[in-house]
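Scroll down for the structure; my scribbles are underneath it.
What follows is calculated from the coordinates using simple rules that are stated; it is not laboratory data. Bear in mind that the values here come from a model prediction, so they are computed numbers and not experimental data. Every residue, glycine among them, receives a Cβ derived from its backbone with ideal geometry; neighbour counts consider all protein chains shown.
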Amino acid sequence: MDGKGIQENSFNSILGSALNFDPTVSKYNTVPNTAGTFGYSNLLLSEIFNPLTKLENTYNKNVGYKLYGKGELQYDVLKNLKVSTRFGYTKYDGNAKSFTPLVFYGPLNVENSMNADGSTVAGKHNSVAHEKASNLNWTWESFANYNFKIKQDHSFETVLGYSMSKVSGNTAGATRQDVPFNSWEFADFTAATGNNNATNSNALSGYYYQYFRRNLSYFARINYDYQEKYLASFTARRDGSYAFGKNNKYANFFSGSLGWVVSKENFWHSDFIDYLKIRGSYGSIGNENVDPLYVSIITGGPSYGPTANSNGYTFGDVFYPGATVGSAANDALRWEKQMQSNIGFDMTFFKRRFSITADYFRKTVDGLLFTPSASLYLGTVPIPTANIGSTKSSGIDMMLSYNQNIGRSLKLNTSITFTTVKNEVTATNTDGTAKILGGYYFNGQSQSVTVFEKGQTPGYFYGFQTEGLFQNFADVAAHATQTGAQPGDIRFVDQNKDNVINDLDKVKIGDPFPDFTMGWNLNLEYKNIDFSAFTYASIGNDVYRAYERNANYTNKDRMILARWTGDGTTNNAKTPRYSFTDANSNIRVSDRYVEDGSFAKVKNLQLGYTLPTKWTGKAFSKLRVYVQVKNAFTITKYTGFDPEIAGGILDTGVDRGAYPQARTFAFGLDIKL
Amino acid sequence: MSKIIIRTLLVASLLSGLASCKKWVDYNPHEDFRITELDYLASESDYRTMAVSVYTPLQWLNQAVVVGEVASDNAVSGGENASDVLSLQQIDDYTHTSNNSTLTELWKSAYEGVNRANYMTQYKGVNPAGKTVDFAGKNALYGEVYFLRAYYYFTLVKFFGDVPLFTDKRLGLSESGSLGRSPKADVYRQVEADLTAAIAVLPAVQVDKGRITKYAAQALLGKVYLYQNKYNEAAAMLDNVITPNAFSLVSNFNSIFLASGENGPESVFEIQYSNTSPYYNWGGYNRGQGNYAVQQCGIRGLNGSANMPYAAGWSTNLPTQNLKAAYAAGDQRRDVTILDIEAYKAANPSYNITYQVAPYKNTGLYSQKYQPRKGETSGQLELNYTNNYRIIRYSDVLLMAAEAWTKSTSPNETKARDYLNRVRRRAFSDLLHDVSASGNALYLAILDERRLELAMEGDRFFDLVRTGQAAAKIQGFTTGKHELFPIPIEEVTISGLSQNPGY
């Protein structure tokens, strides 16, 4: 495996720069005797750069090797009793390198590490970083199978066993400054010349860390089948994880299913319905994707962890290393349990041309594992992961398909899927009042847009509701007190009617989840030509536009052309007046940034032609050529790049400049020998 | 291999697997080479090392000084443009709201300090493993811890008013959202109690420069009294610092603010910054060992000859012309406090200075006391300036004592004038500028002197508020609202704390 990456999904990524960079800058640098291939801005002096300059100065390379294997021993103890032990492993080694060159971003830019004449800015260095990772994951399962029949028609399959698994790895890295010729060609630890000295202790540095996880499961399963008419299965697992405290290491998970093939019954006589099965199932699984939590003491100097929980102090000119609490325990932490039940049927009818699969499903998550936001007065020790609450999703899932041969040479196969889901948080803390904040982004200020709260969609958008613009001073005076408001600014709704606009007026302003999704699959074959298409649609999902850096001279959406310019020009809250100082904070979290992210995407189009055998001769049994377009096009009203924005529970639908799915054109050959 | 061997192997491996199962999911952090709290605070050295880290969040409070000036008539926010350093722009423009990253960071840093101090006091008697570790000097060490907790709470109370108050332990996740705001008076009572306890055990002199002394605690307690208008107590407490003659005013005002002047004879309490453990984490730019505020207030694009002393910065926290005009002719403090870049350039042609005019809210002036200087940073240059904050200077103690003595129920104006004129004589290097006023004129003269003496050191806004002058002096200031900064939005949303009036 081989790869190279660029930053995305934040305002200071390359994509963020592309969206926000000064649009008046020419592509190429035309100033004589000045470093840099691409143009620079004299207005944007930090944070956001010409994306081409950033791209040109992004150097990294990853190489990885993966090896996996499996070994199994089986022992037939009795005729129907089998004992097996099975060992599987995956070994992965990665090797990564990145180079941070000296860069000139423009004569006024404060983040230059290179001067206009190509010389180095005093005190700045280029650097190369290496990282080697080595991982080994294995699972060892041992189990016994016993299959038997009672009175010919009652078939039983049983399994009893246990499994152990371990994930482990370690990573070592080194960074060195002063790469010769400021060039990727020489970007290697062996060529760099940096050495630590009294004024620079970052010239040469290294690190190492290791990690592991351990799991254990006991399991049992019974499958029952009566003449392929009545089907039942039951599974029990007891899973253990090293990650939880003494009292919560294990959790039990059960699942079962029942099925009845009605069409196999003797009483069943239908010419219309060919097959009918009614089924129901219940299943539960666990999630233990957390690290063990305990109160650790970190010693030494500065910390580079997520909360920069630094240590140590200087007395006079001498640095004294310190010690402080570096992580917190959560003794109540336990397995997250996901339970899904569904009831539905499978049916084929009308000479097997149509089939329907329909389910009502209900999924609950109990004790969702998540790192919550918490009171700031707890200090800066990282907040431990917790079981933050429970969620419920329910809906229906349907698929209708149709296939038919029309005439002798046209084959048609098409299906439509339809899914609705309703998501809700059903529990949080004991009194149900907790609000967990997420969806953080930066548009001049750090903002949080999503909330996890009982009775609401998980990660719904939370902010101010707008009601048009103030057209004149009389409007401002007539409205609740809104600090800094001027004509042309957004009027925010005084939800609690206390005559002042403040945080208490925030409400739900959007929902990142769709009302329903649909898919349409079409396959056509005509003689040697085949065609397939897959279209997917999501209706009713909101997107929060969070990629605008919104600094004075950053690029703006074209919407700004329709901005308020005087009394009566517009009352659209999405286009307030433009002011550099923004005393009204028009950039606060509000429905101004919420857009309908409904979309329909043609995800795949493929046209193929199978060469007649008389041309291919005997060399191939089949030779097919095809052209394919992936992500052919998207129909959406969303103004950003791509409305399909996945994310964790509190980041769904928050578009910070996510890299859009690429449209890919492909030409291919299928060869069968 | 024969079948028997394979079968034996299989059975043996199954059994051995089952046998080791029970322990398989046990976990000890030592397997990850991590020190837990049960391993620590086991020796004198552990206690002393952990006490060092109670000091650390002091360094993270570097924006407290910037806010104390930008919010006042002394300085403007500056920066690249109106959208740069938005949190400071809004404080400068008096449009700040509960969503303000600078204020949130101050809140979090001060509370981390409180929690670190609490963890020490929580395990003063017995350590987390249940053992008692006694050593000579333990009480004096705890004096430093009490001082620091008092300093963190004092910062909180002067910025935010009523705040959650807890002293029994470091809080954990289960305490999230469990506290309300305690009245300002209760917070002050705790601050006074901690400082009183610190004074009782701290030595007058510390071997390590920058460690808290008894005088530092007395000076801070004097200040805390003054903030509550407890003039009698303040006067007596501050005299404890003055009478022993342990401090003196440095005649060359400029030398106080040079690297060589750190922890000098005038220094009562300084927050120590260094680049001895250089920091490079932009994710926590405020939380290193260096003074980030120094980089902020530098001149943009500054270039010049090798012996030109200053380094470039970001033109933030710029002194106002109003401040410059407040200095009388002959006052040596003016050019030490304020760097007029054009005047400096003209006076020093040999430096060949070029620079970029501050792009926003330019005043042409820069804060000279904490100006970035060449060679005083390393590593990630922006984050590692070594300039200590002179938090309490002896001149501050003199002026506070002067103020307290004029307002005391048994005023001593002679003493007050003496203290005030000591500061003025140093400023003008003569006796001609002595103040002879009395009554309210004397009081106002002392307040004016505080501005001139301590400008750009972080006290101005709080002095104007506590003396009731803020509305008259600060444009945009609304009485009844802006005396306090807003409680961070997260604390309102997550913790359910009430908001300050008007926000």
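Work out the charge dipole of the protein assembly as shown with +1 on the Cβ of Lys and Arg and -1 on the Cβ of Asp and Glu about the Cα centre, then indicate which of A:I649, A:G439, A:T199 is farthest towards its positive end. The listed residue farthest towards the positive side: A:I649. Loop-resident chymotrypsin sites (Phe, Trp or Tyr not before Pro) (DSSP state other than H, G, I, E or B) in the stretch A:19-103 with no more than 15 further Cβ atoms inside 10 Å of their Cβ are absent.
Per-residue Cβ neighbour counts within 10 Å put B:K23, B:K324 in the sequence B:K23, B:K324, beginning with the fewest. Each distinct pair of alpha carbons in chain B adds a 1/r term; the inverse of their mean, the Kirkwood radius, is 24.7 Å. Within the stretch B:102-157, the percentage of alpha carbon pairs spaced more than 17 angstrom apart rounds to 44%.
Summarising the label geometry, the points placed 7 Å from Cα in the beta-carbon direction at A:D93 and B:A259 lie 4.6 nm from one another.
When the alpha carbon gyration tensor of the stretch A:411-558 is reduced to an equivalent ellipsoid, the three semi-axes, largest first, read 42, 23, 15 Å.
Remark: the A:E111-A:F156 segment gains 9.1 nm on full extension, using 0.36 nm per residue and subtracting the alpha carbon distance. The mean count of C-beta atoms from other chains within 10 Å of the C-beta of residues in B:172-183, rounded to a whole number, is 5.
Can you figure out the FRET efficiency of A:Y211 with B:L432, using R₀ = 60 Å and their beta-carbon distance, to the nearest 0.05? Write out the running numbers ahead of the final one.
Working: r = 72 Å, r/R0 = 1.20.
After rounding, the FRET efficiency stands at 0.25.
Taking every C-alpha pair closer than 8 Å and separated by at least 6 residues, the mean separation divided by the residue count of the stretch B:292-370 gives a relative contact order of 42 percent. As a length-normalised measure over Cα pairs under 8 Å and 6 or more apart, the relative contact order of chain B settles at 20 percent.
Both the radius of gyration and Dmax for the protein assembly as shown are 35.1, 120 Å, in that order, over alpha-carbon atoms. For the stretch A:201-336, the equivalent ellipsoid built from the Cα gyration tensor has semi-axes of 59, 16, 12 Å, listed from largest to smallest. Would you tell me the mean number of C-beta atoms belonging to other protein chains that fall within 10 Å of each C-beta in A:209-219, as a whole number? Mean number of neighbouring Cβ atoms from other chains: 3. Could you tell me what % of all Cα pairs in the stretch A:525-617 have separations over 16 Å? Percent of Cα pairs beyond 16 Å in the stretch A:525-617: 72. Judged by the gyration tensor of its Cα atoms, with axes a ≥ b ≥ c, the stretch B:376-503 is oblate; a/c meets the 1.5 cut and b/c is at least as large as a/b. Where only DSSP H runs of four or more residues are counted, chain A gives -500 deg cm²/dmol as its mean residue ellipticity at 222 nm, each run worth -39500 (n - 2.57). The value given for the stretch A:148-268 is a Kirkwood hydrodynamic radius of 20.7 Å, derived from the mean inverse Cα-Cα separation.
Would you work out which of B:A328, B:N307, B:Y292 lies farthest towards the positive end of the dipole of the stretch B:292-370, given +1 charges on the beta-carbon of Lys and Arg and -1 on that of Asp and Glu, about the Cα centre? Checked the options; the winner is B:Y292. When each of A:W615, B:W24 is scored by the number of other beta-carbon atoms lying within 10 Å, the sequence from fewest to most is A:W615, B:W24. For the stretch B:292-370, a/c is not less than 1.5, where a ≥ b ≥ c are the root eigenvalues of the C-alpha gyration tensor, and a/b does not top b/c. That puts it in the oblate class.
Beyond 14 Å, what share of the Cα-Cα pairs of the stretch B:202-259 is found? Please give it as a whole percent.
So the portion of pairs separated by more than 14 Å is 63 percent.
Taking θ as phi - 60° and the Karplus parameters 6.51, -1.76 and 1.60, the scalar couplings of the stretch A:542-551 work out to 8, 10, 9, 7, 10, 9, 7, 6, 6, 7 Hz in sequence order, x denoting glycine and proline. Entry note, chain A: relative contact order of 8 percent, from Cα contacts under 8 Å with a spacing of 6+ residues. Each of A:Y65 and B:A472 was given a label point 7 Å from its Cα along the Cα-to-Cβ line. The distance between the two points is 8.0 nm. What separates the Cα centres of the stretch B:303-382 and the stretch B:268-283 is a distance of 22 Å. Modelled label positions at A:V77 and A:D274, each set 7 Å beyond Cα in the direction of Cβ, lie 4.5 nm from each other. Partner shielding of B:76-84 amounts to 5, given as the average count of beta-carbon atoms from other chains within 10 Å of each residue beta-carbon. Basic side chains Lys and Arg get +1 at the Cβ, acidic Asp and Glu get -1 at the Cβ, and with that the dipole of the protein assembly as shown about its Cα centre reaches some 3880 debye.
Cβ crowding within 10 Å, taken as a proxy for footprinting-reagent exposure, orders B:R425, B:R417 from fewest neighbours to most as B:R425, B:R417. Over all projection directions, the Cα-based convex hull of chain A averages an area of 43.5 nm².
The separation of the stretch B:146-209 from the stretch A:594-614, counted between C-alpha centres, amounts to 65 Å. Taking Cα atoms only, the orientation of helix B:214-227 departs from the longest principal axis of chain B by about 70 degrees. Expressed as a whole number of Å, what is the distance separating the alpha-carbon centroids of the stretch A:268-311 and the stretch A:417-467? For the stretch A:417-467 versus the stretch A:268-311, the Cα centre distance is 19 Å. For the stretch A:218-290, chymotrypsin sites (Phe, Trp or Tyr not before Pro) are listed when DSSP marks them as loop and at most 16 other Cβ atoms sit within 10 Å of their Cβ; the list is A:F267, A:W268, A:F272.
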